[in-house]
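What follows is one structure encoded as structure tokens, with my remarks underneath.
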Amino acid sequence: MTELVEHGHLFIGGEWTDPLGTDTIEIVSPHTEQVIGSVPHASRADVDRAVAVARRAFDEGPWPRMSLDERIAVVSRIKDAIAVRHEEIARSISSQNGSPYSWSVLAQALGPMMVYDAAIQVARAYPYEEHRQGVLGPILVRREPVGVVAAVIPWNVPQFVAAAKLAPALLTGSTVILKPSPESPLDSYILADIAREAGLPEGVLSILPADREVSEYLVGHPGVDKVAFTGSVAAGRRVMEVAARNLTRVTLELGGKSAAVILPDADLESTIAGIVPAAWMNNGQACVAQTRVLAPRSRYEEVAEALAAAAGALVVGDPLDPATQLGPLVARRQQQRSLDYIRIGQEEGAKVLAGGGRPAGLERGWYVEPTLFGDVDNSMRIAREEIFGPVVCLIPYGDEAEAVRVANDSEFGLSGSVWTGDVEHGIDFARQVRTGTFNVNTFSLDMLGPFGGYKNSGVGREFGPEGLSEYLEHKMIHLPAGYAAGA
């Protein structure tokens with residue numbers, strides 16, 4: 001039985017504070033369907049208070065005025081504390097969203113540490129001031145912190161996404177209001193403890209669990225300078241619409257329907273071993289999941305057989321069991337969504353090669369079998385719409401030109417992969433696919449390079465110097481003719 005975790009305060013500006021509203025959020029286990037925790041539901045008045053202290057901390061406080069080394073020291077302490085508490089963080093997240101614990105340790109806890117580490121490396125090398133010779137004379141180009149950041153994060157990888165936004169914001173000197181999802185706010189209380197102990201100055205960080213209505217109020221708040229959002233395409237459109245009223249800067253990391261393309265010369269054993277965790281990662285609840293697998297017609301049957309066998313062998317069960325490879329979906333609505341898409345796929349004429357329903361013996365909990373559809377046409381809804389569940393489409397193709405067309409025939413452009421016996425040829429294939437990240441004979445996400453999407457998969461980038469730039473304003477200072485830096 002999971003111990004009930006109850007919190008009665010909000011973390012505003014570094015202090016535990018009584019909420020100004022009376023509503024609460026109950027967190028329900030996707031495995032037991034029982035309440036496992038509760039937190040205060042932040043109100044609009046709480047948002048006003050958090051924005052006010054963030055504004056004051058940015059305009060008047062020490063954080064933006066500290067040296068980079070001083071800010072790095074604080075962020076490093078946050079990273080180190082996550083390392084100490086990584087098992088607690090992983091268990092907390094798995095209990096809330098159903099992530100298999102073994103995956104949570106790596107992606108939900110150790111992953112954020114890598115994000116902070118990489119961001120520190122980028123921040124140290126970033127050119128915050130640069131002298132240039134302009135057309136009319138010498139100029140100085142400065143990069144300065146953007147200001148008050150509203151970071152709105154999803155429930156699927158909450159600490160990883162929080163780190164992707166907090167690390168560059170904090171390192172560049174901005175202040176942050178972090179808005180966790182109502183499905184997974186408990187781990188944010190661990191983060192609040194860590195941030196407090198790390199020595200963040202007053203006002204620099206607030207954490208406000210809330211629903212969509214309060215999130216929209218935060219995004220549209222005139223005291224916010226930048227919104228960093230990760231979530232669905234529909235929600236991203238709304239965020240951009242609301243933020244535009246104040247011309248607030250936005251970065252959006254949205255959905256995906258990524259293609260894993262198997263070329264005829266690929267080694268099937270290693271290819272399947274690479275694609276399966278990339279397709280069904282986090283129970284299919286990952287924006288970068290490789291949910292369209294493209295196989296050459298010449299090898300379609302052997303790919304279908306091998307992929308179906310691998311899907312059927314995945315261990316489904318209690319997310320806190322270390323042996324589990326696929327846990328429950330985060331909520332009943334997500335379970336029903338996947339089951340609805342499985343029905344739609346069958347109605348469209350696709351063939352269920354593995355899974356296709358609820359797992360036997362798991363009548364309680366929001367479980368769906370790892371499901372593989374074969375004979376999928378890229379025009380089918382199951383191939384075009386983001387399901388965000390353990391449902392994968394196997395699509396046959398003729399020649400390589402068709403594989404490129406199918407991979408690109410999507411409103412999304414977030415991730416993808418190609419599997420081949422010739423890495424150089426794989427790189428050439430990658431150059432033809434309109435997507436923000438791509439993999440050749442592997443699947444990973446490197447925090448020193450830019451991550452983001454083409455088309456409906458987003459606006460802007462996270463990670464690397466490109467991601468750090470999203471949290472900086474660029475200023476040009478004109479200097480008198482004949483001025484020489486350092487003279």
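Laboratory data are not the source of any read-out in this text; all were calculated from the coordinates shown. Note that the coordinates shown come from a computational prediction; the quantities given were computed from them, not determined experimentally. Cβ placement follows ideal geometry from the backbone for every residue including glycine, while neighbour counts extend to all protein chains displayed.
Working from label points 7 Å from Cα in the Cα-to-Cβ sense, the Arg297 to Leu68 distance is 5.6 nm. When only Cα pairs below 8 angstrom with a gap of at least 6 residues are kept, the stretch 259-440 shows a relative contact order of 28 percent. FRET efficiency for the Glu241 to Tyr454 pair, using the beta carbon distance and R₀ = 25 Å, is estimated at 0.75.
Summed over qualifying helices (DSSP H, 4 residues or more, each -39500 (n - 2.57)) and divided by its residue number, the chain shows a 222 nm mean residue ellipticity of -11500 deg cm²/dmol.
Were the residues from Asp267 through Gln432 laid out at 0.36 nm apart, the gain over their Cα-Cα distance would be 57.2 nm. Separation of the stretch 329-369 from the stretch 259-285 is 21 Å, based on Cα centroids. To the nearest 0.05, what FRET efficiency results for Asp18 and Glu88 with a Förster distance of 22 Å applied to their C-beta separation? Efficiency computed from Cβ-Cβ geometry: 0.30. The length gained by stretching the chain between Asp377 and Arg364 to full extension, at 0.36 nm per residue less their Cα-Cα distance, is 1.3 nm.
Go ahead and collect, in residue order, the members of the stretch 116-134 whose backbone nitrogen is under 17 Å from a label point 7 Å along the Cα-Cβ direction of Ala484. Hits in the stretch 116-134 for Ala484 at 17 Å: 131-134. Ordering of 97-109, 358-370 by packing is 97-109, 358-370, highest average first (other Cβ atoms within 10 Å, averaged per residue). Think of each Lys and Arg Cβ as +1 and each Asp and Glu Cβ as -1; about the Cα centre, that makes the dipole of the stretch 259-440 roughly 760 debye.
Between the residues Gln334, Pro264, Gly284, the greatest Cα displacement towards the positive end of the dipole of the stretch 259-440, with unit charges on the Cβ of Lys, Arg, Asp and Glu, is found for Gln334.
Excluding same-chain neighbours fewer than eight residues apart, the lysines reachable from Lys257 by a Cα-Cα span under 28 Å are Lys165, Lys179, Lys226, Lys351, Lys455.
Subtracting the Cα-Cα distance of Ala125 and Arg56 from their residue separation scaled by 0.36 nm leaves 22.0 nm.
Legend: helices of the chain (whole DSSP H runs) are marked when their alpha-carbon atoms reach 18 angstrom or more along the helix axis and their mean Kyte-Doolittle hydropathy is at least -1.0; marked are 44-60, 68-84, 111-125, 158-172, 186-198, 300-313. Ordering 15-25, 301-311 by mean Cβ neighbour count within 10 Å, with the highest value first, yields 301-311, 15-25.
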